[in-house]
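Q: Following this message is one structure expressed as structure tokens.
The values are calculated or read from the model by the stated rules, or taken from the named source; none is laboratory data. The structure displayed is predicted, hence computed values, not measured ones. Note: ideal-geometry Cβ built from the backbone for every residue, glycine included; neighbour counts use all protein chains shown.
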Amino acid sequence: MGIAKLTGTPFAVKSGGHNMNPGWSSVEKGILIKMDRFKSLEYDAAAGAVHLGPGLLWKEVVPQLAPYNVTVVGGRVPGVGVGGLILGGGLSYLSNRYGMAADNVLNYELVAANGNIINANATYNSDLFWAMKGGSTNYGIVTKYTLRAIPLGPVYGAIISYGPDKTDEVMAAYAEYQKSGVNDVDSNVLIQITSDPGYATLVNLIYLKPVWKPEVFAPFYKVQARFDTSQIMSFAQYILMQEQEFGGLLRWQLRGTSYKASLEMDRKVVEISQREFVKPMSTVGASILIFQPVAPSVVKAGNQRNNGGNPLGIESVGQTWFSTCAGWNEPKNDQFIYAASKKTTDLIEKESKKKGLYLKYIFMNDAFMDQNVFESYGKKNFDRMKAIAKKYDPEGVFQRLWSGGFKLFQTWCSCQN
Ligand SMILES: Cc1cc2nc3c(=O)[nH]c(=O)nc-3n(C[C@H](O)[C@H](O)[C@H](O)COP(=O)(O)OP(=O)(O)OC[C@H]3O[C@@H](n4cnc5c(N)ncnc54)[C@H](O)[C@@H]3O)c2cc1C
């Protein structure tokens, strides 16, 4: 930090390297701080806490904790990094019961803008602690996360594939689940409508107890599946099953939006996305439409964790965090894909506003770099986050020199005002 500051050299920080936004964890003509040697994992049973190095991947965390019958509220896909996921809030298969990953942080150990190593928790630097739960690259380089240990034994897990002709029935099952099933805090669902004919529509179901084919998922079982991997298994086994390969594509882009739970809206989202995104994408690469149900319990659990709350500003209503995901190879198609994704989410937002179902929250971990994530947290939270950034980084080192991540200030100039 000292060298970067003294010489005015830009730097970037990379943990799992999985963020799809270009330049988020890489830098040209600057210093790349790779966290991949920060891989310590320590389970403190007496404190009910797990200390994690940010360089760990979730596929290293979950299996290492399995012998203790504990886990943490963390990533769903094995290859993603601990470092970036938690700073974006972090949506987990445990979120319906325990809130976001960030809600379950007990302590951040970080390198502050002046180069000092400091801690932030509910009692020490508590304003910084609050701001970091979705604060991206504005407050410090995390060198250790301490997360709440969550007791967890065997679970029910399934990945179910449905043919393209079943999309509407799957969306109806999803809406049915969102009516009440989603309030069963042991359940969690993830839907991906993929352009890969081998996968087609994938529905991931997990129940945090060893209950065979739980009743909450009944709407999905009624739709005829192509394959169904239902099993009672360890949580680690389920996480390791989530690794996906989509034809070795090199360039990826996510773009997210949120809306209140509604089958009518889900159908509209599918219709708009098929026309504006999936069809154009089919000529240049792969596409995935991602539907993530978020129950009011996620917000409630977050608030109840007795840890000072978070700045995310998520409304306490049943909702979907939707995103388009594009994969392609040719740089010449970048602009075309950006335009297709943007048009899709713009049209979806227009429709959700028309129907009174629009939600302003944009989930950082699914957001493209031009989306106003911090504004979506609400003005009060955004203003408070900016004030906290000025307090801990009065010279704006992280705004000026840290390349990548969502920034609170567009330019350091606006930070001074
Ligand atoms: C296949 C896939 C599955 C995903 N699944 C989920 C999911 O289930 N839930 C979810 O919430 N998100 C998910 N995501 C989104 C993912 O959490 C974000 O892309 C996240 O930023 C990735 O973190 P990383 O450490 O792998 O990435 P990186 O690219 O290394 O880092 C991402 C950002 O965080 C910053 N950063 C990284 N480490 C640190 C650190 N130690 N201190 C300060 N800043 C740091 C980087 O500078 C960069 O700006 C998924 C993404 C992919 C590609």
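Q: Can you tell me which residue is farthest from Tyr221 (Cα to Cα) among those in segment 165-193 that are among the polar types (S, T, N, Q) and modelled with pLDDT under 95?
A: Among residues in segment 165-193 that are among the polar types (S, T, N, Q) and modelled with pLDDT under 95, the one farthest from Tyr221 (Cα to Cα) is Asn183.
Q: Considering only residues of segment 184-211 that are out of contact with any helix residue (DSSP H, G or I) (no Cβ under 9 Å at 6 or more places or on another chain) and β-branched (Val, Ile, Thr), which is nearest to Asn69 (Cα to Cα)?
A: Looking at residues that are out of contact with any helix residue (DSSP H, G or I) (no Cβ under 9 Å at 6 or more places or on another chain) and β-branched (Val, Ile, Thr), I get Val211.
Q: Looking at (1) within 20 Å of Leu32 (Cα to Cα); (2) more than 9 Å from the ligand (Cβ to nearest atom), which one does Glu60 not meet, given that it meets all the others?
A: Among (1) within 20 Å of Leu32 (Cα to Cα); (2) more than 9 Å from the ligand (Cβ to nearest atom), the lone unmet condition for Glu60 is (1).
Q: When both residues are 6+ apart or on different chains and their Cβ atoms are under 6 Å apart, which pairs have a first residue that lies in segment 118-144 and is in contact (Cβ under 8 Å) with a residue 60 or more places away in the chain and closer than 11 Å to Val105 by Cα, and a second that is within 16 Å of the ligand (Cβ to nearest atom) and charged (D, E, K, R)?
A: Lys144/Glu109
Q: How many residues are more than 8 Å from the ligand (Cβ to nearest atom) and in contact with a His (Cβ under 9 Å, 6 or more places away or on another chain) when one looks only at segment 23-45?
A: The initial filter retains those residues of segment 23-45 that are more than 8 Å from the ligand (Cβ to nearest atom), namely 23, 26-34, 36-37, 39-45.
Filter once more, so that each one left must be in contact with a His (Cβ under 9 Å, 6 or more places away or on another chain): 40-44.
The qualifying residues number 5.
Q: Among the numbered criteria (1) out of contact with any helix residue (DSSP H, G or I) (no Cβ under 8 Å at 6 or more places or on another chain); (2) on the phi > 0 side of the Ramachandran plot, which single criterion is violated by Gln319?
A: Of everything listed in (1) out of contact with any helix residue (DSSP H, G or I) (no Cβ under 8 Å at 6 or more places or on another chain); (2) on the phi > 0 side of the Ramachandran plot, Gln319 misses just condition (2).
Q: Additional query: Looking at segment 372-400, I want the residues that are outside the structural domain of Lys360 (by TED's automatic domain parsing) and have a partner that is of a type in the set (Asp, Glu) and surrounded by fewer than 17 Cβ atoms within 10 Å (Cβ to Cβ) with Cβ atoms under 7 Å, at least 6 apart or on another chain. Which pairs are those?
A: Phe382/Glu375; Ile388/Asp127
Q: Lys350 - would you say it is more than 24 Å from Gly23 (Cβ to Cβ), assigned by TED's automatic domain parsing to the domain that holds Leu91, more than 23 Å from the chain's Cα centre (by Cα) and among the basic types (Lys, Arg)?
A: no
Q: Among the residues of segment 336-349, write down those that are surrounded by fewer than 22 Cβ atoms within 10 Å (Cβ to Cβ) and either within 16 Å of the ligand (Cβ to nearest atom) or part of a loop (DSSP other than H, G, I, E, B) (or both).
A: none
Let's see how each residue does on (1) of a type outside the set (A, V, I, L, M); (2) crowded, with 19+ Cβ neighbours inside 10 Å; (3) not assigned by TED's automatic domain parsing to the domain that holds Leu52:
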| position | (1), (2), (3) |
| --- | --- |
| Val73 | no, yes, no |
| Tyr93 | yes, yes, no |
| Asn104 | yes, yes, no |
| Tyr108 | yes, yes, no |
| Val111 | no, no, no |
| Ile117 | no, no, no |
| Ser126 | yes, no, no |
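Q: Of everything in segment 226-256 that's under 30 Å from Val284 (Cβ atoms) and of a type in the set (A, V, I, L, M), which residue is modelled with the highest pLDDT?
A: Residues of segment 226-256 under 30 Å from Val284 (Cβ atoms): 226-227, 241-256.
When the remaining residues are screened for being of a type in the set (A, V, I, L, M), the result is 241, 249-250, 254.
Values: Met241: 93, Leu249: 90, Leu250: 91, Leu254: 98.
That would be Leu254.
Let's see how each residue does on (1) surrounded by fewer than 18 Cβ atoms within 10 Å (Cβ to Cβ); (2) assigned by TED's automatic domain parsing to the domain that holds Arg251; (3) within 24 Å of the chain's Cα centre (by Cα):
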position	(1), (2), (3)
Gly16	no, no, yes
Ser25	no, no, yes
Glu28	yes, no, no
Leu32	yes, no, yes
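Q: Yes or no: Gln192 touching a Cys at 6+ places or on another chain (Cβ under 9 Å) and among the polar types (S, T, N, Q)?
A: Judged against the criteria, Gln192 is a match.
Q: Kindly indicate whether any position in segment 350-369 is in contact with a Lys or Arg (Cβ under 6 Å, 6 or more places away or on another chain) and assigned to a helix (DSSP H, G or I).
A: Within segment 350-369 (the criterion being in contact with a Lys or Arg (Cβ under 6 Å, 6 or more places away or on another chain) and assigned to a helix (DSSP H, G or I)), the answer is yes, since at least one residue qualifies.
Q: Does any residue of segment 303-310 turn out to be within 16 Å of the ligand (Cβ to nearest atom), in the same structural domain as Ser262 (by TED's automatic domain parsing) and of a type in the set (Gly, Ala, Ser)?
A: no
Q: Let me ask something additional. Quick check on this structure: which one of Gly84, Gly115, Gly48, Gly53 is within 16 Å of the chain's Cα centre (by Cα) and either in contact (Cβ under 8 Å) with a residue 12 or more places away in the chain or near the ligand (Cβ under 10 Å from one of its atoms) (or both)?
A: On the way: Gly115 fails: within 16 Å of the chain's Cα centre (by Cα); Gly48 fails: within 16 Å of the chain's Cα centre (by Cα); Gly53 fails: within 16 Å of the chain's Cα centre (by Cα).
Only one candidate qualifies: Gly84.
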